[in-house]
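Note sheet for the following structure.
The values are calculated or read from the model by the stated rules, or taken from the named source; none is laboratory data. Just so it is clear, the model here is predicted, and its values are computed rather than measured. Here the Cβ positions follow ideal geometry from the backbone for every residue, glycine too, while neighbour counts run over all protein chains shown.
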4 protein chains.
Amino acid sequence: MVKIVVIGQGLVATHFAVGLERLKMGSIKDYGVPLRDKLPIKYSELEIVGSYDVDDEKVGKSIYNIALKIFEKKAVPEKLREITVKRGIHLDSLKGLPFKAHGREEGRRLLDAINELVDEWRELRPDVFINVITTEPVEQIGSVDEIEERIREGKVSASQAYAYAVTKYCREARPAAFINAIPSPIANDPGFVELFKKSNCVVFGDDGATGATPLTADLLEHLAERNRRVIDIAQFNIGGNTDFLALDIPERNIMKKKTKSTIVEDILGYHVPTYIRPTGYLEPLGDKKFVAMIIEYYSFNGFKDEWYIVARINDSPALAGLLVDLVRLGKIAVDKGIYGTVYEINAFYMKNPGPKNAKAIAKTIAYRKLLERLGIIDERTM
Amino acid sequence: MVKIVVIGQGLVATHFAVGLERLKMGSIKDYGVPLRDKLPIKYSELEIVGSYDVDDEKVGKSIYNIALKIFEKKAVPEKLREITVKRGIHLDSLKGLPFKAHGREEGRRLLDAINELVDEWRELRPDVFINVITTEPVEQIGSVDEIEERIREGKVSASQAYAYAVTKYCREARPAAFINAIPSPIANDPGFVELFKKSNCVVFGDDGATGATPLTADLLEHLAERNRRVIDIAQFNIGGNTDFLALDIPERNIMKKKTKSTIVEDILGYHVPTYIRPTGYLEPLGDKKFVAMIIEYYSFNGFKDEWYIVARINDSPALAGLLVDLVRLGKIAVDKGIYGTVYEINAFYMKNPGPKNAKAIAKTIAYRKLLERLGIIDERTM
Amino acid sequence: MVKIVVIGQGLVATHFAVGLERLKMGSIKDYGVPLRDKLPIKYSELEIVGSYDVDDEKVGKSIYNIALKIFEKKAVPEKLREITVKRGIHLDSLKGLPFKAHGREEGRRLLDAINELVDEWRELRPDVFINVITTEPVEQIGSVDEIEERIREGKVSASQAYAYAVTKYCREARPAAFINAIPSPIANDPGFVELFKKSNCVVFGDDGATGATPLTADLLEHLAERNRRVIDIAQFNIGGNTDFLALDIPERNIMKKKTKSTIVEDILGYHVPTYIRPTGYLEPLGDKKFVAMIIEYYSFNGFKDEWYIVARINDSPALAGLLVDLVRLGKIAVDKGIYGTVYEINAFYMKNPGPKNAKAIAKTIAYRKLLERLGIIDERTM
Amino acid sequence: MVKIVVIGQGLVATHFAVGLERLKMGSIKDYGVPLRDKLPIKYSELEIVGSYDVDDEKVGKSIYNIALKIFEKKAVPEKLREITVKRGIHLDSLKGLPFKAHGREEGRRLLDAINELVDEWRELRPDVFINVITTEPVEQIGSVDEIEERIREGKVSASQAYAYAVTKYCREARPAAFINAIPSPIANDPGFVELFKKSNCVVFGDDGATGATPLTADLLEHLAERNRRVIDIAQFNIGGNTDFLALDIPERNIMKKKTKSTIVEDILGYHVPTYIRPTGYLEPLGDKKFVAMIIEYYSFNGFKDEWYIVARINDSPALAGLLVDLVRLGKIAVDKGIYGTVYEINAFYMKNPGPKNAKAIAKTIAYRKLLERLGIIDERTM
């Protein structure tokens, strides 16, 4: 069995939980799970054993009850009644958003809260942790010493606190994997990568590659392979889920902009004026975001072509599907004693693949590298 | 020097001639030429030495004069005054289209016309032939014997007659390459491939991969790599150039439909309902076609996403850019004594890559295979 | 009460039946019903009393059972169990389509079948007939005498036979209205309009204005009001319902092309090259069609702008919503003794508004004319 | 003759000047001029007599020289050599933008600068003033007294100072018209409207209705006329001209947001969540902006449809074309002694039609009202 702890019981975590159980029951196909049955771990071996959140509306409820707010009753597996959301670490990660949130660190030292978590995990014995809390405004820390000092002072973000807690669990109990599916720099923080390595722990991150960003990467690769010269790119994103609401707050928006800004240049090999960022929040769109994009380029003989791409994408299921691979890849890495981070995995699954300063490559190239690293053959492309 | 003969002095050939001379003069960048300066043959070594057409309006004119109808005077290199369009083989290839066309085979045996061409070429000493005549309705022949019989009877299409003439030139004079950039099955005709091989001749084909088809291939690869399940694809194309006019004639349209129909299934590995074909002719769009596409797919947990892609693409320059690579690759193959056809080249540059029954693969994968075959390194993706 | 007979129990008729009952039950809002509560007839007064079809799968079934194939059980009103589909007139209207269809005229004279229908209607006492059979290939007839002769000979289409039957019912029983929501020329046939008038009967038609055509009309009006010069228009439609399947058969497709071809010129006042037609059939799209459109125009100072419009439109509900108005307007006309046809109603609700040779106008202008004719005030626009 | 003074010699003014002279020379058609030849004033009667700007790069140059930076030499009429740009009023209207700008009010009292302008105009004898300076951050003032006080104190925006100067010119010299084609509230400022009225002066404004806003208005009207229920609207705009650069500065962006926010509700009659605002600046797009829009609505029977609209629109020519009407309408108003403002004109030509609190209506309805007010018949729609 692969025991999984989910951090942040929002839409993504709920889609992951519901989808995973339905997969195990055979009531859905494994669409959206890139490596499907090509990994040695079966879906039936995956088990969510814990869930954490700071929203007062969620803490104490079962994932089943939380899922009912999103899905029709018949789509929610009964199995999810068994997992109750526990209170996690807040550290103002939901500040400014319309939620009543409290963290278990309130009124005491952060380290005490972390130790308590580690103790809980010692019982649960998780193999993999998934971080899918709402996008938080945060900078990298940089070194192990600095991380430890700031943990002591309580001057970290929630993701950093969780990441630290996981390394502590690895040091004190057993090796594990941490999947950082949000923009906070963990796999891109040299300090954290070192800490994970030292702790017999692996981190994959940062920021799960869903939506328009990986598509854009592959479109740019298509243009680069024909030596077409990209003139400009504009990409708009608007959605109605909590993540878009969070990104309406300028300091959180900057997190995404950073993630996306260097990808274009890395793939094309030259600078292009771009306007790529999550654009706004529009409640009725819900989780199915609206993406609009223009790419203009020069073709042969000085002619200019234009592409306009419009997409409607269910944001959370896309990431949840990737997580089904990532938890398995996390377990495999740990079993093989691979600690620190794994670029080939990050490069395909993450928008901002760690370690820091790793070059962004097109996702289709990352996919080949991933298969090669894993020794998997894709008969489709032979 | 690489000596080039162009067959069909339409938009593509004219963009090729103008663009190539401008490239050599340094007045344009080499955008749209996939392998740019990575091939051992420089642009300055490429020279058009002959041009053939059957349109009475073109035969006897210089490429310079023909180019003036499309380009502003200042964009047309003086050098193109030197090449005069000669009368080619018609065999009703423009039948039903609003052109006054005559072939040099009229009033005599086809083989006599072919022999005359071969004699001309013996003088010109071309290394590479490019076939860019208007899309013609034609089926494969299948065997060398059958080809020779039908040539004797005059029961072939213009492309088949040219292809045969080129093999004759190779047998009688010197090895050469034939680039079949239109849908007529030459590289997909086992008889022709054998004939090319026996004649110390190489053919690349069929149907240059420009426009929406290679883009669609790579978009499908992107979905396949995430195990998203494609539900349906519709793709519309409309343009105002002669090729769209020709495709308005049902028996010609079928040529493109064949080209595109199996690609989807080859790439995805399962059957998908599609509607992909050149849709119509709208004169004011000119050479800058309008493409509209929908792709619907299932993501994780049973959710459905939609992509809508709209593009404006200059049709002829895109193909002309590929030809700058293909003539060089043709010469390289001949120099290395590689005869018959080369799948790795066809797979990237052609919509319907020969030999027959070769599987369609995504263009991005074909690109890697091409680089590997050629021993070229793309530092962008390292 | 307004008693309604539906001819052709396909998607539109089923959406009409389901939607109308749900409206009466208050379980849906009246979105998509243009004149809502502004007409003197309430939704509660509308009652479907009969339904006709020729598909063996439908005849003898209740609308309730037919609706279950499209809707979830909870959405289908029990009331629809009360109406059983009767066998109608076929006359090969479904020829070439994958249905097993038979008409009550088979094996006997058409006029006998018509008389039998009229007898049934004498019992049912309908006020309004709705024709929503699948698009059929048919030309106008032109004169009353010719209509009568061809009815005797059985040389008419199903729509023409039904239209004739309705006039017979009007002459022999009571005045009624005939809503011709499909492309067959009835309100555009001078012979039929005269016959309707002589029979104390009113016809509205032809071809309900849903989908991209009315939108295009209003977009063109927008451009005309700014004196922008339209250069070209291409519009593609693809869907997966029976009507798209029917339009895949060339002689049926021509029906739509005729409908749409003169609209552009009428609205703009000059000729524009266009490519506007239902483009194809793609089964998985179902009733929610995909529309893609380009409009290019010259703005001031010689500059060229482009609009690209992509839409996903539920085809059948859109028409069903218009029918909720049209049945009421039919009853009102009959009550006021207005016979023949009514241009102001056709101009707004129909793609090809009768009488013949009536000019197409933008729908927004037709809307004003409609309100004026009906004496209705729209406080929104005051 | 109609003598015109242009304030702000940017792209719009330059397109206006070039287009107008080309129109007079007959070298372009009057596309983009809504009322074309339907007004009693001919294009040949229009004459630009003065131009003002504050950009040091422009002051002292002829419009001819400024136009050369945008147009090819052959497109720029020689006549434009005759008009030299004079220094105007700055009041920090270009603050924060990358221009070296100075105003003639610098180092002295604003009123002195205004008086000097009025003296110049007394010589030039303009009939119409056009305000097309870059979008400035400014609030309405509200009353005549307050305007006068703030003019004395120099606490106004450049547009307000110009508007005041024009009224002074009207009081002291002769009646004139002021076309406020930018978002600054002048026709929407009750104080200014009163001041214009008292001064025998007419103002049209505010914010010329080009781009996506008027199109959206008419699309919403189309939906409203069918009682379709709009669920949400998102509209993105990105361009590369100075106005987009200015709108990147948050306090200027707010000007546009205000303009657009109430239109939707006015037209539909109910509140709809929207995200409509100029989104960003992308230099290579230049003056041809990229617009992307989604509109979702409920159709009949609870079904949801989606429209996606993508447009490429030349921003400045569109407004310049409207100005050719507005200067003529300004002269006609003045000749008829119509002072203050004229709602019917503003409603069609302006995004935020004055007077204050006037309801936004669809542009197509405004067009009818305009024709009616002017006694013009549009034979197209009869």
Which of the residues spanning the stretch A:12-24 are within 12 Å of chain B (Cβ to nearest Cβ) and surrounded by 24 or more Cβ atoms within 10 Å (Cβ to Cβ)?
A:V12, A:T14, A:H15, A:F16, A:A17, A:V18, A:G19, A:L20
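So is C:K289 in the same structural domain as C:T262 (by TED's automatic domain parsing) and farther than 22 Å from C:H222 by Cα or not? Step through it out loud before you land on a result.
Numbers: in the same structural domain as C:T262 (by TED's automatic domain parsing): yes; farther than 22 Å from C:H222 by Cα: yes.
It is true that C:K289 is in the same structural domain as C:T262 (by TED's automatic domain parsing) and farther than 22 Å from C:H222 by Cα.
Let's see how each residue does on (1) among the charged types (D, E, K, R); (2) outside the structural domain of D:P190 (by TED's automatic domain parsing); (3) at pLDDT below 95:
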{"site": "D:D325", "(1), (2), (3)": "yes, no, no"}
{"site": "D:R328", "(1), (2), (3)": "yes, no, no"}
{"site": "D:D335", "(1), (2), (3)": "yes, no, no"}
{"site": "D:I338", "(1), (2), (3)": "no, no, no"}
{"site": "D:Y343", "(1), (2), (3)": "no, no, no"}
{"site": "D:P355", "(1), (2), (3)": "no, no, no"}
{"site": "D:I377", "(1), (2), (3)": "no, yes, yes"}
{"site": "D:T381", "(1), (2), (3)": "no, yes, yes"}
Residues in the stretch D:149-163 that are touching a Phe, Trp or Tyr at 6+ places or on another chain (Cβ under 8 Å) and in a helix (DSSP H, G or I): how many?
4
Which one of these is among the basic types (K, R) and either facing chain B (nearest Cβ under 9 Å) or more than 15 Å from A:F204 (Cβ to Cβ) (or both): A:K359, A:K351, A:K336?
A:K359
Only one of A:G354, A:G340 is surrounded by fewer than 24 Cβ atoms within 10 Å (Cβ to Cβ) and under 23 Å from A:I130 (Cβ atoms). Can you tell me which?
A:G340
Restricted to the stretch A:183-199, and to residues that are among the aliphatic types (A, V, I, L, M) and in contact (Cβ under 8 Å) with a residue 60 or more places away in the chain, which residue is surrounded by the most Cβ atoms within 10 Å (Cβ to Cβ)?
A:I186
Here is a list: C:K359, C:K351. Which entry is under 19 Å from the mean Cα position of the chain (by Cα), at pLDDT below 95 and closer than 30 Å to C:E21 by Cβ?
C:K351
Can you pull out every residue in the stretch B:200-210 that is surrounded by 24 or more Cβ atoms within 10 Å (Cβ to Cβ) and of a type outside the set (F, W, Y)?
B:C201, B:V202, B:V203, B:G205, B:D206, B:D207, B:G208, B:A209, B:T210
Selection status of A:S93, hydroxyl-bearing (S, T, Y) and over 20 Å from A:V138 (Cβ atoms):
no
Give the stretch C:184-222 a look and list any residue that's away from chain D (no Cβ under 14 Å) and in contact with a Lys or Arg (Cβ under 6 Å, 6 or more places away or on another chain), or say none.
C:N188, C:P190, C:S199, C:D207
How many of the residues making up the stretch B:246-263 are modelled with pLDDT of 75 or more and either over 13 Å from B:T279 (Cβ atoms) or of a type in the set (S, T, Y) (or both)?
3
Answer yes if at least one residue in the stretch A:324-332 is buried (at least 24 other Cβ atoms within 10 Å of the Cβ) and at the interface with chain B (Cβ under 7 Å from one of its Cβ atoms), and no otherwise.
no
Give the number of residues within the stretch D:301-319 that are touching a Leu at 6+ places or on another chain (Cβ under 8 Å) and either facing another protein chain (nearest Cβ under 7 Å) or aromatic (F, W, Y) (or both).
3
Would you check which residues across the stretch D:202-217 are farther than 24 Å from A:M293 by Cβ and touching a Leu at 6+ places or on another chain (Cβ under 8 Å) and list them?
D:F204, D:G208, D:A209
Counting only residues that are assigned to a loop (DSSP other than H, G, I, E, B), more than 24 Å from D:I249 (Cα to Cα) and among the charged types (D, E, K, R), how many does the stretch D:107-137 have?
4
Could you figure out which of (1) within 30 Å of A:F16 (Cα to Cα); (2) at pLDDT 95 or above isn't true of B:G269?
(2)
Of the residues in the stretch B:138-148, those that are surrounded by fewer than 21 Cβ atoms within 10 Å (Cβ to Cβ) and assigned to a loop (DSSP other than H, G, I, E, B) number 4
With A:I295, A:I233 as the choices, which residue is within 10 Å of chain D (Cβ to nearest Cβ) and at pLDDT 90 or above?
A:I233
Out of all the residues in the stretch B:25-40, which are more than 10 Å from chain A (Cβ to nearest Cβ) and crowded, with 17+ Cβ neighbours inside 10 Å?
B:L39
Within the group D:S62, D:S51, which residue is among the polar types (S, T, N, Q), within 21 Å of the chain's Cα centre (by Cα), more than 13 Å from every other protein chain (Cβ to nearest Cβ) and farther than 25 Å from C:R226 by Cβ?
D:S51
State whether one or more residues within the stretch B:224-246 are among the polar types (S, T, N, Q), under 23 Å from B:V324 (Cα atoms) and in contact (Cβ under 8 Å) with a residue 40 or more places away in the chain.
yes
